[in-house]
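Worksheet: the structure to be examined is printed underneath.
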Amino acid sequence: MRRTALILGAVALAAVVAVLLVLVLRDPTRPEPAPGPSPSATAPADLTTVLSTGFDDPEEGVAGWEPLGDGVEVARSEDVPHAGSGSLLVTGRTEPWHGAQVDVTGMISPGVEHTVSAWARLGQGGGEDTGADRSGEVRLTLQRTGDDEQFWHLATARVTADGWTALTGTVDLPADTADGEWRLYLESTGTLADLRLDDVQVARPTPPVQTDIASLADATDIPIGTAVAEQDLTGRPAELLLRHFDQLTAENAMKPAVVQPAEGEFDFAPMDAILDFAVAHGLTVHGHTLVWHKSTPEWFFTAPDGRPLTDSPADQQLLRDRMRTHMQAIADHLAERYGTDQPVSSWDVVNEPLDPTSSDGLRHSPWYDVLGPDYIAQAFTTAREVFGPDITLYLNDYDTDAPDRRRGLVSLLTSLQSAGVPIDAVGHQMHLRLGSSVERVAATLDAVAALGLRQAVTELDVALTASDQHLDSVSTDQLTEQGDLVRQLVEVFVAHDPEFLSVWGLYDTRSWLRSWPRERPLESPLLFDDDLQAKPAYQGFLAGLTAG
Ligand code: 9MR
């Protein structure tokens, strides 16, 4: 279906282009193109918008803009928007510098040119009826606050109370501009009239993916993986991906909720997009995941008559059948679509079964409630039968470095091994943060190695903050500390002969931690930053791979 749609789309596009070409070529009124530079020389660089506020969403209100000066008030107003339904109204100004400001820390990058645009006018108060000015000069200023503060006046314009005037400007911030907090504000140079502001945008050139730094994947024989979604498979993200990684994990596309949203209704398209890319570029794929308590639809645990499954023999059989059907459908699809080229070389068969707070150290998930602790063994046995002997079967869990979870893991693995369960390997997710103990990580890797199991790092990220902390800005020191920790961790991983090392996302914007457990726009736990540029964490990863 998808292929047919693509082909039809391509045919339609070609037809439109052909018609346009004919029209253009036949049009006698069309002027000769003026001589000039080639299109590529004049093509504008891609821009990344780092701030965009139209004050149109009543729920967002003033969208982070604050009063600048004592007695000043800012409010969203629907009176005379420049575009959309709202603008910002600034009242109570008693000094020219009084106005409205917004925190742009984390959006400004020294060393590149920023383009700023906005629309301004004087407020209703600025009219003959009130004696206030009907026109006046306003300006947008960027300030780096702190001890050694600096100001850049970006755009100045004469504005009136009768219509909107564009304010546009650029600023080339020197590369050595010091660290600090940044704010952008609107003020005037004389008038004390109310001010209105709308459609503020700050943009800067999108830097190309770096081609002058070492490829992580090329620096080692260990497969280097990353979690991806379909959006990572085109454009710059794909370029970054193919430069540094030779293995993929589907961040969500192979989870039960995506693959089988309703019983017997399979949707392989999201997974195929990732697997097709892997096959086209010779990458391996780590399958994630088959049996998990999350991202698994309710129907798995619901009887046909709508009641929740119990631990009765009949219900247990139904859930076991569903487990097998799910795995078999995936295996059949992979065989059909890819044959011997199928790229999935390993699976997280059971994900996150540990819970050190429960009586037996196991998570009492719906799988457990219906099938008992044996669901883990059943999942591995079924996966072995369905996927065959060549696929590496993983048990994957988080915080395996924590002593209580390490104990629970070792005890679970030991009992699985003594029961002859076909488990090959352990996946350590490694969602860590600054201050995480490298020694604890090493102790866990030692403990699993002692059981004779293979292991991998499946979801590495190193958060700058704990999940309940708020990050106001990201300092160079934090990023350096992150890089140093990543280096030490990777050294320890490499020393334990891992099957692969995988990070949970390509670049910071793509991290799950940006939205968990709430919006955290500055959290930066990955190897590449929002612009896809290498961070100290990348340097640390590379150094860890090549140490020793
Ligand atoms: O990053 C994933 C996020 O997009 C999903 O909403 C979430 C629930 O399916 O899962 C996240 O990935 C998790 C992974 O599947 C298992 N280990 C923890 C990961 C981060 O929560």
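How much net charge surrounds F277 when only other residues with a Cβ under 11 Å from its Cβ are counted (Lys, Arg +1; Asp, Glu -1)? Before the final figure, lay out the partial values.
Working: positive: none; negative: E230, D232, D272, D276.
Surrounding charge for F277 is -4.
What is the Cα centroid distance between the stretch 263-332 and the stretch 502-544, reported in whole angstrom?
29 Å
Got a sec? What order do E523, E137 fall in by accessible area at 1.4 Å, biggest, i.e. largest, first?
Numbers: E523 0, E137 70 Å².
So, going from the largest accessible area down, we get E137, E523.
Label-point separation (nm) for E149 and D70, each offset 7 Å from Cα along Cα-to-Cβ?
According to this spin-label approximation, the distance is 1.6 nm.
Between T310 and A402, what is the spin-label point distance in nm, taking each point 7 Å from the Cα along the Cα→C-beta axis?
3.4 nm
What would the Debye formula give as log10 I(q)/I(0) at q = 0.18, 0.20 Å⁻¹ for the alpha-carbon point model of the stretch 260-304, no solvent?
Treating every Cα as an identical point scatterer, log10 I(q)/I(0) equals -0.68, -0.78.
So for the stretch 335-409, Kirkwood radius off the Cα pairs, Stokes-Einstein at 10 °C and 1.306 mPa s: how many µm² s⁻¹?
On the way: Rh = 13.9 Å.
For these conditions, the coefficient is 115 µm²/s.
For the Cα atoms of the chain, what angle does the longest principal axis make with the long axis of helix 476-495, in degrees from 0 to 90, nearest 10?
Compared with the principal axis, the helix lies near 20 degrees.
Calculate, in nm to one decimal, what T177 and Q478 gain on full extension: separation in residues at 0.36 nm each, minus their alpha carbon distance. Working shown, then result.
Details: separation 301, 0.36 × 301 = 108.36 nm, distance 1.78 nm.
Separation in residues times 0.36 nm, less the Cα-Cα distance, equals 106.6 nm.
Output the 0 to 90 degree angle, nearest 10, between the alpha-carbon long axis of helix 269-281 and the longest principal axis computed from the alpha carbons of the chain.
Roughly 90 degrees between the two axes.
Compute the FRET efficiency between E137 and V438 as 1/(1 + (r/R0)^6), taking r as their Cβ-Cβ distance and R0 = 56 Å, and round to the nearest 0.05. Each step should come with its number before you reach the end.
Working: r = 58 Å, r/R0 = 1.03.
The calculated FRET efficiency here is 0.45.
Heavy atoms only, probe 1.4 angstrom, no DNA, RNA or ligands counted: give me E385, E491 ranked by accessible area, highest first. Don't skip to the answer; put the middle values down first.
Numbers: E385 110, E491 75 Å².
Heavy-atom accessible area, descending, gives E385, E491.
What three numbers, in Å, describe the spread of the alpha carbons of the stretch 427-548 along their principal axes, ordered from the longest?
Projected onto its principal axes, the Cα set of the stretch 427-548 covers 44, 28, 22 Å.
So between S85 and R243, what do we pick up on full extension, going 0.36 nm a residue minus the alpha carbon distance? Walk me through the numbers on the way to the answer.
Working: separation 158, 0.36 × 158 = 56.88 nm, distance 4.43 nm.
Using 0.36 nm per residue and subtracting the Cα-Cα distance, I get 52.5 nm.
Pull up all non-local amide H partners of V50: gap of 5 or more, or a different chain, and H-to-H distance under 5 Å with H placed in the peptide plane.
Residues meeting the amide H criterion: V202, A203, R204.
Determine the sum of side-chain charges near A118: Lys and Arg each +1, Asp and Glu each -1, restricted to other residues whose C-beta is under 14 angstrom from that of A118.
In short, 0.
If you roll a 1.4 Å probe over the heavy atoms of the protein chains, what accessible area per residue do you get for the chain, in Å²?
Values: 25010 Å² over 548 residues.
That works out to 46 Å² for each residue.
Across every pair of different alpha-carbon atoms, what Kirkwood hydrodynamic radius in Å does the stretch 69-213 reach?
On the way: mean 1/r = 0.0623 Å⁻¹.
Across the stretch 69-213, the inverse of the average 1/r is 16.1 Å.
How large is the charge dipole for the chain, taken about the Cα centre, if only the Cβ atoms of Lys, Arg (+1) and Asp, Glu (-1) carry charge, to the nearest 20 debye? Write down the numbers at each step before the final one.
Details: 37 positive and 83 negative charges, 232 e Å.
Rounded to the nearest 20 debye, it is 1120 debye.
For the residue pair R518 and T325, what label-to-label distance in nm results when each label sits 7 Å from Cα along the Cα-to-beta-carbon direction?
Using points 7 Å along Cα→Cβ, the separation is 4.2 nm.
How much length is gained if the chain between S418 and E336 is pulled fully straight, taking 0.36 nm per residue apart and subtracting their Cα-Cα distance, in nm to one decimal?
Working: separation 82, 0.36 × 82 = 29.52 nm, distance 3.56 nm.
Once the chain is fully extended between S418 and E336, it gains 26.0 nm.
Measure of size requested: the Rg and Dmax of the stretch 185-286, with Cα atoms as the atom set and Å as the unit; please supply both.
22.0, 70
Take every Cα-Cα pair in the stretch 133-225 and report what % of them are more than 22 Å apart.
Values: 2183 of 4278 pairs.
Value for the stretch 133-225: 51 percent of Cα pairs lie more than 22 Å apart.
Pop out the carbon and sulfur fraction of the accessible area of the stretch 372-473 as a percent, whole number, probe 1.4 Å. Present the calculation step by step, with values, prior to reporting the outcome.
Details: 1830 of 3810 Å².
Answer for the stretch 372-473: carbon and sulfur cover 48 percent of the accessible area.
Please give me the summed charge of the neighbours of S346: other residues whose Cβ is under 9 Å from its Cβ, Lys and Arg +1, Asp and Glu -1.
Numbers: positive: none; negative: D348, D424, E499.
Residues near S346 contribute -3 overall.
What is the stretch 317-445's relative contact order, in percent, from Cα pairs under 8 angstrom and six or more apart in sequence?
27 percent
Taking a probe of 1.4 angstrom, what is the accessible area of L309 in Å², to the nearest 10?
20 Å²
At a probe size of 1.4 Å, how large is the accessible area of E73, to the nearest 10 Å²?
120 Å²
So how compact is the stretch 426-478: Cα radius of gyration and Dmax in angstrom?
My reading of the Cα-based Rg and Dmax gives 14.1, 45 Å.
Where Rh denotes the Kirkwood radius from the mean inverse Cα pair distance, what is Rg over Rh for the chain? Could the numbers behind the result be given before it?
Working: Rg = 28.8 Å, Rh = 27.2 Å.
Rg divided by Rh gives 1.06.
The values are calculated or read from the model by the stated rules, or taken from the named source; none is laboratory data. Predicted, not measured: the structure shown is a model, and the values here were computed from it. Note that each Cβ is placed from the backbone with ideal geometry, even for glycine, and that neighbours are counted across all protein chains shown. Just so you know, the surface numbers come from the protein's heavy atoms only, side chains and all, with ligands and any DNA or RNA stripped out. Shrake-Rupley method; radii C 1.70, N 1.55, O 1.52, S 1.80 Å.
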